[in-house]
Each structure stands twice: as structure tokens, then as C-alpha cells.
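The values are calculated or read from the model by the stated rules, or taken from the named source; none is laboratory data. Since the model is a prediction, treat every value here as computed from it, not as a measurement. Every residue, glycine among them, receives a Cβ derived from its backbone with ideal geometry; neighbour counts consider all protein chains shown. For accessibility, only protein heavy atoms count, side chains too; no ligands or nucleic acids. Shrake-Rupley method; radii C 1.70, N 1.55, O 1.52, S 1.80 Å.
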Amino acid sequence: MAGGKSMYGFQSMYWCDLSSIGVHFEAVGLQSSKLDTVGVWNLKEPSRFENRPGSFSRNKYECGIVWYMKGKRIVGALLWNMPREALQEARQIIESKTSVQEDESLKELIPLPNSKNFLLIGRSDSY
């Protein structure tokens, strides 16, 4: 009924396909430089370089998820070269207002394909 009181749930979303260089990404929820981020990446080879701000890494980041955090609560996700069905899983995680006690547990929320060599990049506020 028009004018009735009903909730409208909206999650912002954007995507990009750069097939010529083998990159596809989708983002859902909130993404902002003001939020903390935690990256979970599947590397082609084990990490051989120290990962710290300002350092160069020669790792090939095959696929991964950058989680956007407000405190311990997940408010957004950027999915890099992930299967299409991962977007719906990310939506559900954000909608359910999932909180995590340890960043390490973010590796288990959405499984990365062919994950052999994980790299967890900690919260941006700790740099």
C-alpha cells in the first residue's frame, strides 16, 4: 500500500570487471577511509616479504576480501576476484550485524577459493 509504514532495507553496492587484466571486484555495504580495514588474501605463493606500511610486496594477490569494520562490527566488504555467490554471503554478514572478537576469525566467514597461502593484513588503525 502506498504511504504505508514499511521498512526499506538498502545496502550500497558497486562492481567492476577488468577482464583484460584478470580483475573483478564487488563491494557492498559501507566503504570509507575513515573505517578500519582487515584484508584476508589468498596468495599464489607463500608470503616471502614483510608486510608493513610503506613496504613493497611482490606477492600476487589472487583473490581476497577487505572487510570494513566499525569497532568489532562488519559494515562493508570488498570482494576481489571472488566467486559471484560470495556477494550474497557478504550481504548476509553485513545485514546480520556480525561482530568479531579477533581479526583472525575473519578468515573463516567466507572461504577463499583454492586457499593454501593466507595473508591477513591487520587493522589499518594499528599502523
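In the context of the full protein assembly, Y68 retains an accessible surface of approximately 30 Å², using a probe radius of 1.4 Å and ignoring ligands and nucleic acids.
Listed cross-link partners K72/K116; K34/K72; K70/K116; K5/K97 are compared with a 19 Å cut-off, the Cα-Cα value being larger for K72/K116; K70/K116; K5/K97. Across the stretch 25-42, rounded Karplus estimates of 3J(HN,Hα) from the backbone phi angles (6.51 cos²θ - 1.76 cosθ + 1.60, θ = phi - 60°) give 9, 9, 10, 9, x, 8, 10, 7, 5, 7, 8, 6, 10, 9, x, 10, 10, 9 Hz, Gly and Pro being marked x. Inter-label distance, Q101 to S19: 4.6 nm, where each label sits 7 Å from its Cα along the C-beta direction.
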